[in-house]
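S.K.: First, the structure itself, so that you have it in front of you.
The values are calculated or read from the model by the stated rules, or taken from the named source; none is laboratory data. It should be emphasised that the depicted structure is a prediction, and the values quoted were computed from it without experimental measurement. Backbone-built Cβ (ideal geometry, glycine too); neighbour counts: all protein chains shown. Each accessible area value is taken on the protein alone, full model and side chains, heavy atoms only, with ligands, DNA and RNA left out. Shrake-Rupley method; radii C 1.70, N 1.55, O 1.52, S 1.80 Å.
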Amino acid sequence: MLSEQEQIRRESLQKIIKYGINPYPAKEFKFSHYSTQIQENYTEGESVTVAGRLMRRKIQGKASFGTIQDSKGKIQIYLNRDIICPSDDKSMYNDVFKKWLDLGDILGIEGKVFKTMVGEISINVEKIHLLSKSLKPLPQPKTDAEGITHDAFNDPELRFRRRYVDLLVNENVKETFLKRSSIINAMRKFLTKREYIEVETPILQSIPGGAAAKPFVTHH
């Protein structure tokens with residue numbers, strides 16, 4: 001049984017296909033920058049291509065703001081209807097972006113770097129490419145002015161069952177994974193240099209376990 005949100009997303013998927021956009025293109029999308037590279041090496045007017053997941057969207061008539069999250073971080077995008085749709089046909093903005101795209105969709109963005117009036121480094125979008133349509137809604141934790149997070153994805157059972165969601169919405173979890181990987185790699189390099197041999201201990205087991213174990217009856 002699909003939820004209302006899932007049903008709406010599937011309807012949007014069909015509209016996108018009917019419009020003529022492939023929602024799951026197999027062709028590789030080549031990007032030029034990560035979000036962090038743009039922010040750390042800001043160059044006004046630089047042409048960039050990024051790819052990431054749409055995590056926030058604020059529609060304001062003919063112009064909108066959004067947030068793209070890639071594997072390194074997040075960056076704000078600015079969309080102007082007349083820039084995205086220079087011809088008389090404005091459906092790419094009015095229909096595709098405003099109505100049929102959803103939070104969680106993976107997009108390719110082409111545009112130029114600039115700073116908003118409040119000084120936030122952003123991308124002035126010239127072209128949008130849909131790389132993958134998301135059919136399941138993401139949790140949307142929100143932090144208020146007092147620093148309190150609402151609707152957080154913090155249920156332990158859900159987090160471990162749906163680790164992919166945990167990694168998407170809880171940034172600190174990704175940092176834990178990265179640190180763990182770095183620690184293990186450092187230990188492996190340290191021991192390898194000293195001619196230690198890495199083995200998988202189950203190979204050395206003499207008693208069958210797991211799928212090879214045979215049923216038995218306990219004393220009780």
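S.K.: Give the residues of segment 76-91 that are without any contact (Cβ under 8 Å) to a residue 24 or more places away in the chain and open to solvent by less than 70 Å² (accessible area, probe 1.4 Å), sorted by residue number. First the steps, then the outcome.
M.R.: Going through segment 76-91, the residues without any contact (Cβ under 8 Å) to a residue 24 or more places away in the chain turn out to be 81-82, 85-90.
Selection gives Arg81, Cys85, Ser87, Lys90.
S.K.: Name the single residue, out of those in segment 39-49 being in a strand (DSSP E or B) and crowded, with 16+ Cβ neighbours inside 10 Å, that is nearest to the chain's Cα centre (by Cα). Break it down stepwise before answering.
M.R.: The initial filter retains those residues of segment 39-49 that are in a strand (DSSP E or B), namely 47-49.
Checking which are crowded, with 16+ Cβ neighbours inside 10 Å leaves us with 48-49.
Values: Val48: 19, Thr49: 16 Å.
By that ranking, first place goes to Thr49.
S.K.: On to the next question. It is to be established whether one or more residues within segment 16-30 are in a helix (DSSP H, G or I), open to solvent by less than 80 Å² (accessible area, probe 1.4 Å) and in contact (Cβ under 8 Å) with a residue 60 or more places away in the chain.
M.R.: Checked against the condition, which is being in a helix (DSSP H, G or I), open to solvent by less than 80 Å² (accessible area, probe 1.4 Å) and in contact (Cβ under 8 Å) with a residue 60 or more places away in the chain, segment 16-30 yields at least one hit.
S.K.: Could you identify the single residue in Leu138, Leu107 that is open to solvent by less than 60 Å² (accessible area, probe 1.4 Å) and assigned to a loop (DSSP other than H, G, I, E, B)?
M.R.: Numbers: Leu107 fails: assigned to a loop (DSSP other than H, G, I, E, B).
Unique residue meeting the criteria: Leu138.
S.K.: Next question. For the subset of segment 151-186 comprising residues that are within 25 Å of Arg56 (Cα to Cα) and among the aliphatic types (A, V, I, L, M), which member is surrounded by the fewest Cβ atoms within 10 Å (Cβ to Cβ)?
M.R.: That would be Leu178.
S.K.: Do we have Gly73 as open to solvent by less than 50 Å² (accessible area, probe 1.4 Å), at pLDDT below 95 and farther than 16 Å from Ser122 by Cβ here?
M.R.: Answer is no for this residue.
S.K.: With respect to Leu131, determine if the residue is in contact with a Gly (Cβ under 6 Å, 6 or more places away or on another chain), under 30 Å from Gly111 (Cα atoms) and modelled with pLDDT of 85 or more.
M.R.: In short, yes.
S.K.: Does Lys112 count as at pLDDT below 95, surrounded by fewer than 18 Cβ atoms within 10 Å (Cβ to Cβ) and either basic (Lys, Arg) or assigned to a strand (DSSP E or B) (or both)?
M.R.: Details: at pLDDT below 95: no; surrounded by fewer than 18 Cβ atoms within 10 Å (Cβ to Cβ): yes; either basic (Lys, Arg) or assigned to a strand (DSSP E or B) (or both): yes.
No: the conditions fail for Lys112.
S.K.: OK, next. Could you grab the pairs with beta carbons closer than 7 Å, sequence gap of 6+ or different chains, first residue in segment 162-188 and within 24 Å of Pro139 (Cβ to Cβ), second one open to solvent by 90 Å² or more (accessible area, probe 1.4 Å)?
M.R.: none
S.K.: From the set of residues in segment 50-64 that are hydrophobic (A, V, I, L, M, F, W, C) and either assigned to a loop (DSSP other than H, G, I, E, B) or without any contact (Cβ under 8 Å) to a residue 40 or more places away in the chain (or both), which is nearest to Arg9 (Cα to Cα)?
M.R.: Among those residues, the one meeting the criterion is Ile59.
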